[in-house]
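Participant: Supplied in structure tokens, the structure appears directly below.
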Amino acid sequence: MKADHPLTARRIAAITAALQAGPLCAHDLAPKVFLCFEQARRYLQFMQAQGLAHIAKWPLRCTPRATRVAAYALGGGADAKKPARRTGQQRQARAKAKLRADAERYEFHLAKCRARKRKAARDPLVAAMFGSTVESRP
């Protein structure tokens, strides 16, 4: 994009007006300024390079993978540091803690674990008709 183009100036003005309300990510900003996501992202990065905007925070985006996206705010400031990704062990510990916090779900989970360990008893009549499943070795 060209910095001296009149359309660029108009779009930056619209983005600036939208960011007055608070930090927004490109996904939330795009429909407010009538741009597609990619264009909004490019303009935000351009504004960041010019010192007109900075990354205020890294909120979680509600997607199936729950990714972190940059939320931009007006003004030239220090960019917020992107949080480190959780390791598999941290994710597993967090999931266990969430499960244990809800007593009903935890009881259901324990019941499923007990059911997996339990072996079904073979009906004696079926065993007499079809034979046992355990083969005897000579």
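Participant: Only one of Ala49, Ala14, Ala80 is without any contact (Cβ under 8 Å) to a residue 12 or more places away in the chain and either hydrophobic (A, V, I, L, M, F, W, C) or loosely packed, with under 11 Cβ neighbours inside 10 Å (or both). Can you tell me which? Write out each step before concluding.
Facilitator: Numbers: Ala14 fails: without any contact (Cβ under 8 Å) to a residue 12 or more places away in the chain; Ala80 fails: without any contact (Cβ under 8 Å) to a residue 12 or more places away in the chain.
Result: Ala49 is the single residue among Ala49, Ala14, Ala80 that is without any contact (Cβ under 8 Å) to a residue 12 or more places away in the chain and either hydrophobic (A, V, I, L, M, F, W, C) or loosely packed, with under 11 Cβ neighbours inside 10 Å (or both).
Participant: Taking segment 1-26 on its own, how many of its residues are within 20 Å of Thr67 (Cβ to Cβ) and either aliphatic (A, V, I, L, M) or in contact with a helix residue (DSSP H, G or I) (Cβ under 6 Å, 6 or more places away or on another chain) (or both)?
Facilitator: First, pick out the residues of segment 1-26 that are within 20 Å of Thr67 (Cβ to Cβ): 23-26.
So of that shortlist, the ones also either aliphatic (A, V, I, L, M) or in contact with a helix residue (DSSP H, G or I) (Cβ under 6 Å, 6 or more places away or on another chain) (or both) come out as 24, 26.
Adding up the residues that qualify gives 2.
Participant: Are any residues in segment 115-125 hydrophobic (A, V, I, L, M, F, W, C) and modelled with pLDDT of 85 or more, and if so, which ones? Before the answer, list the steps.
Facilitator: Just the residues of segment 115-125 that are hydrophobic (A, V, I, L, M, F, W, C), to begin with: 115, 120-121, 125.
Once the filter is applied, which keeps residues that are hydrophobic (A, V, I, L, M, F, W, C) and modelled with pLDDT of 85 or more, segment 115-125 yields Ala115, Leu125.
Participant: Kindly indicate the residue of segment 61-114 that is assigned to a loop (DSSP other than H, G, I, E, B) and of a type in the set (S, T, N, Q) and also modelled with the highest pLDDT among those meeting that condition.
Facilitator: Within segment 61-114, the first condition is being assigned to a loop (DSSP other than H, G, I, E, B), and the residues that meet it are 61-67, 69-70, 75-87, 102.
The next check asks that each one be of a type in the set (S, T, N, Q); those that pass are 63, 67, 87.
Numbers: Thr63: 74, Thr67: 87, Thr87: 91.
Restricting to residues being assigned to a loop (DSSP other than H, G, I, E, B) and of a type in the set (S, T, N, Q), the top hit is Thr87.
Participant: When you scan segment 1-27, how many residues do you find that are under 31 Å from the mean Cα position of the chain (by Cα) and assigned to a helix (DSSP H, G or I)? Spell out the reasoning first.
Facilitator: So in segment 1-27, the residues under 31 Å from the mean Cα position of the chain (by Cα) come out as 1, 11-27.
Those still in the list that are assigned to a helix (DSSP H, G or I) too: 11-19, 26-27.
Total meeting the criteria: 11.
Participant: Name the pairs whose Cβ atoms lie under 9 Å apart, with the first residue in segment 85-111 and aromatic (Phe, Trp, Tyr), the second assigned to a helix (DSSP H, G or I), and 6 or more positions between them or separate chains?
Facilitator: Tyr106/Leu99; Tyr106/Arg100
The values are calculated or read from the model by the stated rules, or taken from the named source; none is laboratory data. Note that the structure is a prediction, hence the values are computed from the model and not measured. Counting neighbours? That spans all protein chains shown, and the Cβs are built from the backbone with ideal geometry, glycine included.
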